[in-house]
Amino acid sequence: MIRIIFFVINFFVKIFNRFLLSSIHVDFSDLREEVVNEEIITDKKEVVNEVEVVNEELVTDKEEEVTDNEEIVNEEVITDKEELVTDKEEEEVVTDKKEIIKEEELVTDKEEEVTDKKEEEVVNITINPLKSIWLYWYHDNNFKESYTIDEFSLLYRIVTVEKYLNIYNYLPDIRYGHYYLMKQGIVPLLNSYENVNGFTVDLKFPLIDTENMEHLKEVFYIWYTISKLAVEERLFKNKTHSKYVNGVSISCFYKKSKFKFKISIWLRNKKHKHPKYFSPINFTTKFFSHVIEYENCDFIDNQNKLKYI
């Protein structure tokens, strides 16, 4: 009996187990399907996510490409603009240089014209050379009678008539010193070898008021004329005698608030110690007509003058 009961119980247990197993199996299948479905869903999501990521990356890449392209385009545009600006600047520089060159050429042309004119003037200036070279000396009258060559200043060297004419615009005032126009090689000293055996023709002026400008101007004009005759070698009627002229001078002395002038012609020897040999001074003077007549001049031997030095 017990065995039968046990058998029956065992039978029901087996049936129950089968049922349970079958149920569990179904559940597991469901679970499995769910799991599989979830995995599929997850995979799909991942795929979708990956696709989205890929799409995003593609979009990003495209955006970057667009950005790069834009930057490249912008850079190219900027570069083109810069090149255009550079080209314009270069053109402007070239234009400026061309203008500068043109201006320089114009200036050069003008300078050449001026140079040509100056050369023409120089040619014109040098068409009247003097037969002798003359030196213009100055001596300060403060030295009084103590003359030595070291006390003289050489102002000008004159080789043309035109140079002689020009220097008179720049000479110091004749009221304040002694001036000597001597042939080159002859010093303005009475005791020099070229002068010691000669004589001087002295034109003596009356005392002149320090404020009398008309008289002073006339003295200067007489000095200018006589020195011009000397350098042109026209002091003598016979021009061959001009070789005996050593020089001319003008001296100014201050006495009793007045000026005393003396113009001297320096001669090498005494052969022509007479007014008849000299050319008349052919110009009109308002105040000193008697002074410029050689008959009224003093013809003094230099040796006699040396006695008073």
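Ranked by the mean number of other Cβ atoms within 10 Å of their residues, highest first, the peptides 130-137, 206-213 fall in the order 130-137, 206-213.
Within the stretch 177-309, the proportion of Cα pairs with more than 24 Å between them is 26 percent.
Throughout, read-outs are computed from the coordinates displayed, never taken from laboratory work. Just so you know, these numbers come straight off a predicted model, no measurement behind them. Glycine also receives a Cβ, built like all others from the backbone with ideal geometry; neighbour counts cover every protein chain displayed.
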